[in-house]
Amino acid sequence: MEDSKQRIIPLTMWTVGWAFVARSFKQSYIYRSNVRIAFVRNILGLFITFSVWTILYLGISDVKGVTYQEMVQYVIINSLVAGLVTSSIAQKLGQRVADGSIGNDLIKPISVKLT
């Protein structure tokens with residue numbers, strides 16, 4: 001009987017935030033060609049970045065005390081942080097706050113299933 005009842009989840013900042021993230025993720029994957037192009041662009045960018053650093057470190061153990069492995073770690077961490085910081089989700093959410101349309105989203109019931 002418990003399966004037929006809906007579980008009520010309190011709307012906290014995290015659940016509302018997760019709903020925005022999930023919605024934005026779904027909207028971005030509607031257009032499969034955009035996803036494929038973005039994937040190829042990201043892979044190509046990483047390939048070019050690693051190629052440049054590999055060529056620069058060719059035959060050299062370190063540059064001013066920075067080894068090739070340390071530079072690779074820096075590039076990976078930098079790419080991850082840049083991806084998080086330049087997320088379009090934050091920009092869309094900020095725009096909705098600025099124009100006031102976020103109020104419509106906040107008063108609507110949101111069904112978020114957390115497992």
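Laboratory data are not the source of any read-out in this text; all were calculated from the coordinates shown. In this text, all values refer to a predicted model and were calculated from it rather than measured experimentally. Here the Cβ is made from the backbone with ideal geometry for all residues, glycine too, and neighbour counts use every protein chain on show.
The charge dipole of segment 32-105, taken about its Cα centre with unit charges on the Cβ atoms of Lys, Arg (+1), Asp and Glu (-1) only, comes to about 280 debye.
Only one residue of Ile89, Asn34, Val75 has its Cα farthest out toward the positive end of the dipole of segment 32-105, where Lys and Arg carry +1 and Asp and Glu -1 on Cβ, and that residue is Asn34.
For the pair Phe25 and Leu46, a Förster radius of 25 Å applied to the C-beta separation gives a FRET efficiency near 0.70, rounded to the nearest 0.05.
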